[in-house]
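Novice: Submitted below is the structure of interest, expressed as structure tokens.
The values are calculated or read from the model by the stated rules, or taken from the named source; none is laboratory data. Please read all numbers here as calculations on a predicted model, not as lab measurements. Using ideal geometry, Cβ is built from the backbone for each residue, glycine included, and neighbour counts are taken over all protein chains shown. Protein only, heavy atoms only, side chains kept; ligands, DNA and RNA dropped before computing areas. Shrake-Rupley method; radii C 1.70, N 1.55, O 1.52, S 1.80 Å.
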Amino acid sequence: MSTSSYNVIGTRPPRHDGADKVTGRAIYAADFQMNGLLHGAMVRSTHAHAILKRVDTTKAAAFPGVVAVVTADDFPQTPDRIVDLGEGETPVSHLRGNVLAKGKVLYQGHAIAAVAATSLQAAEQAAKLIEVEYEPLPCVLTAVEAMAAGAPLLHGGDTNVTAHVHHAMGDSEAAFAGAAIVIEREFTTATVHQGYIEPHAATVLWNNDGRVNVWCSTQGSFVVRDVVSCLLDLPVSAVRVTPTEIGGGFGGKIPVYLEPVAALLSKKSGRPVRLVMSRRDVFEGSGPTPGSMMRVKMGADADGKLIAAQAFLAYEAGAYAGGMVGAGAMCVFAAYDIANQTIDGYDVLVNKPSTAAYRAPGAPNAAFATESVVDEIARKLKMDPLELRLRNASREGTRRADGPKFRRVGCVEVIEAMQAHPHYSAPLGEPSHAEAKRGRGVAIGYWFNIGLPSSCVISVNADGTANLIEGSTDIGGTRTSIAMQAAEVMGIPVDRIHPAVVDTDTIGYTGVTGGSRTTYATGWAAHDAAQDVIRQMKLRAAKLWQAEAVEFADGVFQAGERQMTFAELAGKMSETGGPVVGQASVNPRGAGGSFAGVIADVEVDTGTGKTTILRFTAVQDAGRAIHPSYVEGQMQGGSVQGIGWALNEEYWMNPEGRMMNASLLDYRMPTILDVPMIDTQIVEVPNPAHPFGVRGVGEANIVSPPAGIANAIRDAIGVRLYHLPMNPPAVAAAMGGQK
Amino acid sequence: MKKTYVSMQLNGEPVEFLAEPSQTLLECLRDTLHLTGTKEGCGDGNCGSCCVMLDGTLVTSCLVLGVEAEGRTVTTIEGIAAGQKLHPLQKAFIDHAALQCGICTPGFIVAAKALLDQEPDPSEERIRLWLANNLCRCTGYDKIVRAVQAAAKEIREEKQA
Ligand code: FES
Ligand code: FES
């Protein structure tokens, strides 16, 4: 079915929350107000690794205006166990230890204690009076150092390596021996932050009836519910989480930081308590996503067929186990059909905040390595880099080293769209000055996307509209992309559907807004709930008309000569049996993975080493673009985050583990002046496992930009960079021997 | 410390409030006056989400003290629409999908309005230069530039009509 056979899908209606968000009326977490609200402030570690010898809150508790002070000792000390509360399998002690340190601090910025007071000023002053005595320990800041013998150990035992993933198929060693060309290179990437503009914020009221009410900015209200109830040793039903509007997340607002602490403060004070992170807290106490060291070796025959590949990936886990290397290991060669592969990935503890997902977590690092090596192979073989990729592209039936075979995927179609794009054949143009050099690079990338449960309820109004409730926080227009799928089924315009994101008491369990799953899975639930509505309304029409069978198409119910629009029949609900409420829940296992690619033109100033992005084209397989503007927006946003990752962003740590650039001035995210327009081309290879063919588009777009830019810089200056970020000093240094 | 009495014009209406000496205008707007449309992304002048107009000049309200607003005129995102009618920038941001999460949007709209009030037909380069202090992490800026261009065009056409 082509897009044009749909009435709603593929159109670009205004979003339902648009007016609220352009007038300042939308309530984000820090905007939430409540009578009797207390303001909280936290004490955070000034050391990257230290034993907590003493935490004395006496003076803070006596400070005027202070109502409650809490430390890790205030948590119920339940026995440790492994839980999976939406962030993967984690010991409770790690979740608890990350929100308030006990015994030891593991990174600078690690929360130690919190104060609630009648004003923010009082809370902040009182927090300064909390006395913390540290016994500093040596710290370790990169995966490579942390894996070395004799490295300081974060959690005891005999190693900082918390997991080793190993995937293999065929015999890569033997295959290398028969390759015409073998390239092996080592790459490193800096730790980077998700960089959402809204700092974390939460308000909690531990009510007098024993129920805990939470209002917060989160990608997953049910994750917050489950973590809060787990850490406070309450049944899940005792906690109600209302997600406010959310100012960006990108994976970094899946972990729970503030809510359990605010809950403790509320329990002690008997009043609602709000905690808000400062920007420094965000950098030092949330996120980031792992820095990494990767060694990738690939071999090809003389025709450019990739025959063998090996990868060694060491990713920072941060302070607790459970980093992003698993996904990195699954994605590192996913774009290619290579018979012989060996992949080893290591999750390594370092004295940095516990790492969090960031848009296709783990994949951009790996793709930077793989796509750089593939580029080098193409150069050596004098092959067009897209032609080489096309020759090796994964397609339906291609087996990945981690086991599964691809179902229908759009890797080939994405590469073909890149080849056919006018950008790819356009001239680069003359450099803007004598010291400048221009180059073009390409890269491709893959991300799985996930399934997980979603629920949706649709109630029909007598005026022919419908109210749709769901539990997926809307970070980028998903109220509308979900409602559009219901509208398509119900045959009504999407502005007749009023979508609402509701609290955890009001809707069935819904997984995080993450993994590119919201339009896919919650949209699927909306599709099914809308079908449930139509099924019930057909029965109403049958009753009204005394008809055997009622047909429904394009918003019209019909039996023989008789017909009625959706709105007309909705007006007869009360006489045909009362309200019509449709509902559905889904739990798709896996989702249709998405391939994406970029074409990047750069100009490098060989004097300063500064790279300017001249032109940038992003191509991605959306499966089906429900709302093309929002798909483009995801592609553009992911591209620019990738540009920042490539050229500037990094945690700049001193040897003591102190972040030296914990502000938006010094952690240089791209501004509007740093980037050109981002051209987009949506490819649609429908996902056979979704009613409308949706694949999910949030993440794959960030995977290839760093590699594409690295390849463009190589094209411009003739030197390849092996470390991210490729900032001006790094580029200048790389050219050092060259100029 | 004693609070200071402040009176100012806020979105066309007189308001009076008490400010702590160290409270920023941003905190006074949000916490005291409960106008939470102006956002705090950094608190140190580097994200632009707290942009307001102070006596007709674009400022980051996290770098202005509440007491400095005494006797002055402040316009926030809440004062941009004309009653029920959205400002062309507000409408263009919706129509051109120039917001995703929307946290940066009030700052961008206030800042872009300050530009269009002075320069009805800015080039793309000029728009990018003017908005360089406003960070958006979601959109990649493409659709923001296009929305500002579209709003500028609409305002020019409205004026001619
Ligand atoms: S909060 Fe004022 S510039 Fe960021
Ligand atoms: S829309 Fe999210 S920061 Fe701009």
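Novice: Give the long-range amide H neighbours of A:V683: residues separated by 5 or more places, or on another chain, with amide H under 5 Å away, using H modelled in the peptide plane at 1.01 Å from N.
Specialist: Placed amide hydrogens put A:Q620, A:D621, A:A622 under 5 Å from A:V683.
Novice: Once a ≥ b ≥ c are taken as the square roots of the eigenvalues of the Cα gyration tensor of the stretch A:412-558, is the result rounded (a/c under 1.5), prolate (a/b larger than b/c) or oblate (a/b not larger than b/c)?
Specialist: prolate
Novice: Here's something else I'd like to know. Please go through the stretch A:320-409 and write out the trypsin sites (Lys or Arg not before Pro) that DSSP classes as loop and that have at most 11 other C-beta atoms within 10 Å.
Specialist: The qualifying sites are A:K382.
Novice: Still on this structure: In percent, what relative contact order does chain A have, based on Cα pairs under 8 Å that are 6 or more apart in sequence?
Specialist: Relative contact order of chain A: 15 percent.
Novice: How would you classify the stretch A:25-163 from its alpha-carbon gyration tensor, with a ≥ b ≥ c the square roots of the eigenvalues: rounded for a/c under 1.5, else prolate if a/b is greater than b/c, otherwise oblate?
Specialist: Taking the square roots of the gyration eigenvalues as a ≥ b ≥ c, the stretch A:25-163 is prolate.
Novice: Each residue of the stretch A:59-73 in order: what ³J(HN,Hα) in whole Hz does its phi give by Karplus 6.51 cos²θ - 1.76 cosθ + 1.60, θ = phi - 60°, with x for Gly and Pro?
Specialist: Result, rounded to whole Hz: 5, 5, 5, 8, 5, x, x, 7, 10, 7, 9, 9, 10, 4, 5.
Novice: Pop out the carbon and sulfur fraction of the accessible area of the protein assembly as shown as a percent, whole number, probe 1.4 Å.
Specialist: Carbon-and-sulfur percentage of accessible area, whole number: 51.
Novice: So which GluC sites (Glu not before Pro) in the stretch A:379-484 end up in coil per DSSP with only 15 or fewer other C-beta atoms within 10 Å?
Specialist: Answer in residue order: A:E396, A:E435.
Novice: Oh, and also: Can you tell me which aspartates and glutamates have their Cα less than 18 Å from the Cα of A:K538? Leave out same-chain residues fewer than eight positions away.
Specialist: Within reach: A:D463, A:E488, A:D528, A:E548, A:E551, A:D554, A:E561, A:E568, A:E575.
Novice: Order of A:598-604, A:342-348, A:582-588 by packing, highest average Cβ count within 10 Å first?
Specialist: A:598-604, A:342-348, A:582-588
Novice: Here's a follow-up. Students often forget the sequence filter, so: which aspartates and glutamates lie under 18 Å Cα-Cα from B:K2 once same-chain residues fewer than 8 apart are removed?
Specialist: A:E124, B:E16, B:E20, B:E27, B:D31, B:E68, B:E70
Novice: Separate question: So which helices of chain B fit the span-like rule, where a helix is a whole DSSP H run, its Cα atoms reach 15 Å or more along the axis, and its mean Kyte-Doolittle is at least -0.5?
Specialist: Length and hydropathy pass: B:105-118.
Novice: A further question follows. Quick one: grab the alpha carbon gyration tensor of chain A, order the square roots of its eigenvalues as a ≥ b ≥ c, and give me rounded if a/c is under 1.5, else prolate or oblate depending on whether a/b is larger than b/c.
Specialist: Taking the square roots of the gyration eigenvalues as a ≥ b ≥ c, chain A is oblate.
Novice: Are there any residues in the stretch B:83-101 with a reduction of at least 50 Å² in accessible surface when going from the isolated chain to the assembly of protein chains? Probe 1.4 Å, please list them by number.
Specialist: Residues of the stretch B:83-101 that lose at least 50 Å² of accessible area once the other chains are added: B:I94, B:L99, B:Q100, B:C101.
Novice: I've got another one for you. Could you work out the relative contact order of the stretch A:229-347, using alpha carbon pairs under 8 angstrom and six or more residues apart, expressed as a whole percent?
Specialist: That works out to 18 percent.
Novice: What 222 nm value per residue comes from the helices of chain B, counting each DSSP H run with n ≥ 4 as -39,500 (n - 2.57) and dividing by all residues, nearest 500 deg cm²/dmol?
Specialist: -9500 deg cm²/dmol
Novice: Let me ask something else about it. What is the count of Lys pairs in the stretch A:1-159 whose alpha carbons sit under 28 Å apart, if the two are 8 or more places apart or on different chains?
Specialist: Number of lysine pairs found: 8.
Novice: Please list 3J(HN,Hα) in residue order for the stretch A:453-462, calculated via the Karplus relation 6.51 cos²θ - 1.76 cosθ + 1.60 where θ = phi - 60°; whole Hz, with x for glycine and proline.
Specialist: 3J(HN,Hα) across the stretch A:453-462, in whole Hz: x, 8, 10, 7, 10, 10, 10, 8, 9, 5.
Novice: Looking at the stretch A:505-607, which trypsin sites (Lys or Arg not before Pro) are in a loop (DSSP not H, G, I, E or B) and have at most 11 other Cβ atoms within 10 Å?
Specialist: A:R589
Novice: Right, here's the next one. Take every residue in peptide A:667-675, count the Cβ atoms of other chains within 10 Å of its Cβ, and give the average of those counts.
Specialist: Mean number of neighbouring Cβ atoms from other chains: 6.
Novice: Provide the buried accessible surface between chains A and B in square angstrom, both chains summed, 1.4 Å probe, rounded to the nearest 100.
Specialist: Accessible area lost upon association: around 4100 Å².
Novice: Read phi for every residue in the stretch A:436-444 and hand back ³J(HN,Hα) as whole Hz from Karplus 6.51 cos²θ - 1.76 cosθ + 1.60, θ = phi - 60°, with x for Gly and Pro.
Specialist: With coefficients 6.51, -1.76 and 1.60, one gets 9, 10, 10, x, 10, x, 10, 6, 10 Hz.
Novice: Quick check on chain A: helices-only [θ] at 222 nm, where DSSP H runs of length 4 and up contribute -39,500 (n - 2.57) each and the sum goes over total residues. Nearest 500, please.
Specialist: One gets -8000 deg cm²/dmol as the mean residue ellipticity at 222 nm.
Novice: Per residue in the stretch B:124-147, which ones lose no less than 40 Å² of accessible surface when going from chain alone to all protein chains (1.4 Å probe)?
Specialist: Going by heavy-atom accessible area, the residues of the stretch B:124-147 that drop by at least 40 Å² are B:R128, B:A132, B:L135, B:R137, B:C138, B:G140, B:Y141, B:D142, B:K143.
Novice: For each pair in B:K85/B:K159; A:K253/B:K91; B:K85/B:K113, compute the distance between the two Cα atoms and list the pairs where it is over 18 Å.
Specialist: Result: A:K253/B:K91 exceed 18 Å.
Novice: Continuing with this model, one more query. Select from chain A the helices, each a whole stretch of DSSP H, whose alpha-carbon atoms run 27 Å or more along the helix axis and whose Kyte-Doolittle mean is at least -1.0; answer none if there are none.
Specialist: A:523-545, A:628-647
Novice: To continue, here is another question. Residues of the stretch A:97-130 that become at least 30 Å² less accessible with every protein chain present than in their own chain isolated, using 1.4 Å: which are they?
Specialist: A:Q121
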